[in-house]
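The structure that follows is given in the form of structure tokens.
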Amino acid sequence: MTRDRDPAGRPRNARPRDALGRPLDPAEGGGDAQERVPDDLALPGAEAARLADQMLRAGRPFHAHEVLEASWKTGPPAERDLWQGLAQVAVGLTHAHRGNARGAAMLLARGAERVRAYQAQVPAGPAREQPYGIDVAAVLAVADGLAARIERDGLAGIPPADLLPGLLTPDR
């Protein structure tokens, strides 16, 4: 089977995926396929944060990761740690939903570290605490808390609702 490529020859993956990003067999019709995030997605920060927030709350962390990854790749260099950290948190949630405790804890912690690296470079104020309406303190608390709980107790005791955090402050 020939791999799908963009005009520059870079590989793409056009295969249908389920809500957790697992590839579906196209021969089976992809009945559970989720709408894919375009490879060339470029959204302003507030729109990317809002879309990723909706996807996380809907239990689609893999797809939220794709939105956040697009922002990391297309956004301003000064925001790279923010978007990359948020993308890693989303991948950590993906691993948790898939039952991979070790991967979940590792990526949640790594994502929180990256978001903190962003905060360390930005002066105190709204751009640091709530960039694009993202509740950074809440994201860090969720990522740190889940990573610690998963490392201590595994995934069995984590209520499903705890794996559906949002990014935005409640009034957004």
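Rule-based calculations on the coordinates, nothing more; no lab input. Here the structure is a predicted model, which is why all the values come from computation and not from measurement. When we count neighbours, we look across all protein chains shown, and the Cβ atoms used for this are built from the backbone with ideal geometry, even at glycine.
Once you place label points 7 Å from the Cα toward the Cβ at A156 and E47, how far apart are they in nm?
4.6 nm
How high is the relative contact order of the range 44-163, given as a whole-number percent (alpha carbon pairs under 8 Å, six or more residues apart)? Don't jump to the answer; show the numbers that get you there.
Details: 156 pairs, mean separation 28.0, N = 120.
It comes to 23 percent, rounded to a whole number.
Please give me the summed charge of the neighbours of G85: other residues whose Cβ is under 13 Å from its Cβ, Lys and Arg +1, Asp and Glu -1.
Values: positive: R80, R110, R114, R116; negative: E69, E79, D81, E113, D144.
Taking every other residue near G85 into account, the sum is -1.
So what are the ³J(HN,Hα) numbers for the range 81-98, from phi and the Karplus equation (6.51, -1.76, 1.60; θ = phi - 60°), rounded to whole Hz, Gly and Pro as x?
5, 4, 5, 5, x, 5, 4, 5, 4, 4, 5, x, 5, 4, 4, 4, 4, 7
What nm distance separates the two modelled labels at R57 and T74, each placed 7 Å from Cα along Cα→Cβ?
Calculated label separation equals 2.3 nm.
Net charge within 10 Å of V142 by Cβ-Cβ distance, Lys/Arg positive one each and Asp/Glu negative one each, not counting V142 itself? Walk me through the numbers on the way to the answer.
Working: positive: none; negative: D135, D144, D162.
Charge balance in the 10 Å sphere: -3.
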